[in-house]
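Following: one structure in structure tokens, then a few remarks.
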Amino acid sequence: MNLTSKPISLVVDERGELRPATSTIERRLSHMRGMYADAEAERAALAQDDALVYEVYQYDMPEFVGELVVCTTVLHPGKVGDEFFMTKGHFHEQRDRAEVYYGLSGEGRLLLAKDDEFADVPMGASTVAYVPPYWAHRTVNTGDEPLVFLAVYPGDAGHDYGTIETDGFPQLVVERDGAVAVLSER
Ligand code: PAN
Ligand code: ZN
């Protein structure tokens with residue numbers, strides 16, 4: 001994409017759409033096959049309805065060092081079995097690129113992983129979460145409303161989804177006895 005950045009002011013509407021956006025992504029369950037722990041529950045969910053799990057509204061910028069991309073994510077409430085709806089999760093292709101999330105509404109967790117380390121931090125209205133360089137990140141909606149957040153990351157960061165698709169993410173977030181539980185697979 002041949003883009004030139006210019007001064008601009010964007011608006012996040014009441015449902016979390018960023019306006020104007022230059023690209024929009026819709027992720028449905030069928031785009032995430034194999035990512036939820038309970039394969040049988042995933043099959044059953046897909047047989048019923050290819051649910052919309054999340055939407056991303058992005059204002060693209062040139063893919064250069066020094067530029068910043070802004071986007072919002074609207075992560076819908078729902079579960080596959082007892083596992084809460086989540087994003088695919090990724091590393092930045094340029095591993096040393098960081099990111100900031102600012103929570104606008106809803107509630108959930110941001111899961112982070114790097115080598116043998118992992119962490120989870122709360123996400124919700126007014127939360128500022130920092131994704132340090134080198135950490136994979138995935139967001140989970142643990143509430144009944146959409147979890148909406150704004151993200152800002154370097155223009156040249158890129159996204160590596162393949163590593164998580166192959167290796168999985170070391171934590172999962174489930175409902176256990178009516179409470180939210182973050183389980184570690186390591
Ligand atoms: C976020 C994510 C967004 C969707 O903007 O891209 O929440 O998650 P996935 O990209 O994992 O599908 C971000 O971290 N950008 O770098
Ligand atoms: Zn990211």
Review point. Can you tell me which residue in segment 26-50 is nearest to ligand 2 (Cβ to nearest atom), limited to those that are within 16 Å of the chain's Cα centre (by Cα) and surrounded by 13 or more Cβ atoms within 10 Å (Cβ to Cβ)?
Key: Arg27
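Only one of Gly162, Gly178, Gly103 is surrounded by fewer than 17 Cβ atoms within 10 Å (Cβ to Cβ), within 16 Å of ligand 2 (Cβ to nearest atom) and of a type outside the set (Ser, Thr, Tyr). Can you tell me which? Steps first, answer last, please.
Numbers: Gly178 fails: within 16 Å of ligand 2 (Cβ to nearest atom); Gly103 fails: surrounded by fewer than 17 Cβ atoms within 10 Å (Cβ to Cβ).
Testing whether each residue is surrounded by fewer than 17 Cβ atoms within 10 Å (Cβ to Cβ), within 16 Å of ligand 2 (Cβ to nearest atom) and of a type outside the set (Ser, Thr, Tyr) leaves just Gly162.
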Exercise for review: For segment 51-72, enumerate the residues that are open to solvent by 40 Å² or more (accessible area, probe 1.4 Å), closer than 24 Å to Ala125 by Cα, out of contact with any His (no Cβ under 8 Å at 6 or more places or on another chain) and among the aliphatic types (A, V, I, L, M).
Suggested key: Leu68
Review point. Restricting attention to segment 71-88, does a residue exist that is among the aromatic types (Phe, Trp, Tyr), within 20 Å of Val11 (Cβ to Cβ) and within 14 Å of ligand 1 (Cβ to nearest atom)?
Key: no
Practice item. Restrict the check to segment 89-109 and report whether at least one residue is out of contact with any strand residue (DSSP E or B) (no Cβ under 8 Å at 6 or more places or on another chain), over 30 Å from Pro7 (Cα atoms), at pLDDT 95 or above and not hydrophobic (A, V, I, L, M, F, W, C). Key: no
Check your understanding: Does Leu111 satisfy being buried (at least 18 other Cβ atoms within 10 Å of the Cβ), in a strand (DSSP E or B) and in contact with a Cys (Cβ under 9 Å, 6 or more places away or on another chain)?
Key -> no
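Considering each of Thr22, Thr4 in turn, give the residue that is hydroxyl-bearing (Ser, Thr, Tyr), open to solvent by 30 Å² or more (accessible area, probe 1.4 Å) and in contact with a Pro (Cβ under 8 Å, 6 or more places away or on another chain).
Exactly one residue qualifies, and that residue is Thr4.
The values are calculated or read from the model by the stated rules, or taken from the named source; none is laboratory data. Quick caveat, the model's predicted, so the values are computed rather than measured. Glycine also receives a Cβ, built like all others from the backbone with ideal geometry; neighbour counts cover every protein chain displayed. These area figures cover heavy atoms from the full protein model, side chains too; ligands, DNA and RNA do not enter into them. Shrake-Rupley method; radii C 1.70, N 1.55, O 1.52, S 1.80 Å.
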